[in-house]
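Notes follow the structure.
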Amino acid sequence: MSKPRRVVIVGGGTAGWMAANLLVSRWSREEVAVTLVESPQIGTVGVGEGSTPTLRRFFQLIDVADSDWMPACNATYKVGIRFDGWSPEGGPRSYRHPFFSQPDTFVTPSFLVNCRTRRLGLDVTTAPDKFFLNGALAGDHLAPLATENFPFDIDYGYHFDALLLGRYLTQVGVSRGVTHIEAKVSQVVVADDGLIDRIETDEAGSVSGDFFIDCTGFAGLLLQQALGEPFIDFATNLYNDAAVALPSAALSPLPCETVSTALSAGWCWHIPLTSRIGNGYVYSSRFLTAEDAEVELRRHVGDLDGAYEARHLKMRVGQLRRHWCGNCLAVGLAQGFIEPLEATALLLVQVTVEKFMDAWSSTGFASHPTESFNKQIVAHFDGVRDYIVAHYKLNTRNDSDYWRANRNNDVLSDSLRHLLDVWYRCDDLSAEIERQQLVSHFDTRSWHCLLAGYGVFPALADDQPGRGDLYVERDIERYQRGCALNFESHTAVMAAYG
């Protein structure tokens, strides 16, 4: 039997340990030996983080139940995101973007038709949370776990303490065969053929491998620094480059949605954990100082007396030109970062690692099929970027230079220009998304939720027929109310987990 391939993950945190656990869940120790090297001097900032439903599939893949990991990480369920104050002139001051579940299959056509009808000037219902079940669950603080007599799958994400999740995944990974080395990397040794040969550490000496995964955060020790892979900055159309975070007291009843509130030069996240609320202000340092951002955040969350300590963070938004180069793959902040408005950070980690495993195993570990892989991952980052950019481009705020600059920014991708053009011309947005073959987490329902939630519609026509509102005519309110009877209080479910 040939020796197992040696994969060395450099850097821990949530990204590193997600990668490690995915690898050992796919391959046996005889196939792939996984070592993770991390410095005990570099910690994860546990500011409270949200996820998309992709993380649910991660825990299913590694065979860990919600009731096992969620209490250890102060985690709660997440059924979507509520956006407050992003488009006060375009529509409601607040709208929900729910995650989509099986019962939504029956109402999605009505939602899409109503959006098209409203684009023609007719007065019909287009609020996303009125159509999709998770919107009803969010409004009633219900956990997305149905009773046994409701035979439909309900999708959901999570809120969690990122520091605690990293620790939990460390325990799981080590128990399943990951070799864990706590040491600081002092040197990355590149061989004459341009491949990484080994890393040198202060405490553990040399660590050699056949393949290396760079999870060293914004530092990018392997792919960026050692191999010189360029970083493509997104600063021309995503202005935010800093954040300040602080906690506040937990809420009861326990919410099951993230809230994103527009502030003067960015937005504030509000993430409910069982132990506290995680709050953070993501902003642009071109328009606001760190000191003023902290003052504004404290005012927003009601911490005027400074009871909680604030932490300031810097962000570099963009992605590597290539995410896989030679025998090195970058994952997490080392590969790129898009601000956490739609909680896509761990989604991109998981997509990257899964597609890497598919590509690497398809060749029997014999070669490096990097070209098609890199195109796919770059497309995922570009798709997420465009969806986030649309949030800023379409805003209708007039209270600061920041929001006006975002609205007037014309640095848009061709893809996004075409999508918006199709919407404004009242053409078929779903067909345009299919035509572009967009590789993104955000499908036609998500784009309709964003555009409808912002109220991106023409003025109402003078002559209204008084019919054609499928939400009313098909009594979708009754349908959602009946479905919601099958769910329990979020507070009660989390209390039962202990």
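Can you pull out every residue in region 132-153 that is part of a loop (DSSP other than H, G, I, E, B), closer than 15 Å to PRO98 by Cβ and either among the hydroxyl-bearing types (Ser, Thr, Tyr) or open to solvent by less than 10 Å² (accessible area, probe 1.4 Å) (or both)?
Keep residues of region 132-153 that are part of a loop (DSSP other than H, G, I, E, B), which gives 132, 140-141, 147-153.
Then drop every residue that is not closer than 15 Å to PRO98 by Cβ, which leaves 132, 140-141, 152-153.
Scanning region 132-153 gives a single hit, PHE132.
Between PHE381, PHE365, the distinction of being modelled with pLDDT under 95 and either at positive phi or within 20 Å of the chain's Cα centre (by Cα) (or both) belongs to PHE365 only. Just to verify a result, which residue in region 429-455, among those that are of a type in the set (S, T, N, Q) and not in a loop (DSSP other than H, G, I, E, B), is least open to solvent (accessible area, probe 1.4 Å)? Here the answer is SER446.
Close Cβ contacts (under 7 Å, 6 or more residues apart or on different chains) running from residues in region 40-66 that are under 13 Å from TYR168 (Cβ atoms) and of a type in the set (Ser, Thr, Tyr) to residues that are outside any loop (DSSP other than H, G, I, E, B) and modelled with pLDDT of 75 or more comprise THR44/GLY13; THR44/THR14; THR44/ALA162; THR44/LEU163; THR44/GLY166.
If you take the residues in region 456-484 that are outside any helix (DSSP H, G or I) and of a type in the set (D, E, K, R), which one is surrounded by the most Cβ atoms within 10 Å (Cβ to Cβ)? Show your work before the answer.
Narrowing region 456-484 to residues outside any helix (DSSP H, G or I): 456-469, 474-475.
Filter once more, keeping what is of a type in the set (D, E, K, R): 462-463, 467, 469, 474-475.
Numbers: ASP462: 6, ASP463: 7, ARG467: 9, ASP469: 20, ARG474: 14, ASP475: 12.
Taking the candidates together, the pick is ASP469.
It is to be established whether one or more residues within region 286-293 are modelled with pLDDT of 95 or more, touching a His at 6+ places or on another chain (Cβ under 9 Å) and either open to solvent by 50 Å² or more (accessible area, probe 1.4 Å) or of a type outside the set (Val, Ile, Thr) (or both). So far as region 286-293 goes, yes, one or more of its residues are modelled with pLDDT of 95 or more, touching a His at 6+ places or on another chain (Cβ under 9 Å) and either open to solvent by 50 Å² or more (accessible area, probe 1.4 Å) or of a type outside the set (Val, Ile, Thr) (or both). One residue stands out among those in region 154-187 that are touching a residue at least 40 places away in the same chain (Cβ under 8 Å) and β-branched (Val, Ile, Thr): the one that is most open to solvent (accessible area, probe 1.4 Å), which is THR179. Within the set GLY177, GLY173, the sole residue that is in a loop (DSSP other than H, G, I, E, B) and small (Gly, Ala, Ser) turns out to be GLY177. Has region 104-116 got any residue that is more than 23 Å from the chain's Cα centre (by Cα) and aromatic (Phe, Trp, Tyr)? Looking for residues that are more than 23 Å from the chain's Cα centre (by Cα) and aromatic (Phe, Trp, Tyr), one finds at least one in region 104-116, hence yes. Looking across region 294-309, just one residue is in contact with a helix residue (DSSP H, G or I) (Cβ under 8 Å, 6 or more places away or on another chain) and either open to solvent by 80 Å² or more (accessible area, probe 1.4 Å) or at pLDDT 95 or above (or both), and that is LEU304. Restricting region 344-365 to residues that are assigned to a helix (DSSP H, G or I), open to solvent by 10 Å² or more (accessible area, probe 1.4 Å) and of a type in the set (Ser, Thr, Tyr), which is farthest from PHE212 (Cα to Cα)? It comes out as SER362.
The values are calculated or read from the model by the stated rules, or taken from the named source; none is laboratory data. Nothing here was measured: the structure is a model prediction, and the numbers come from that model. Virtual Cβ from ideal backbone geometry, glycine too; neighbours counted across all protein chains shown. To get the accessible areas, we keep the full protein, side chains included, count just its heavy atoms, and leave off ligands, DNA and RNA. Shrake-Rupley method; radii C 1.70, N 1.55, O 1.52, S 1.80 Å.
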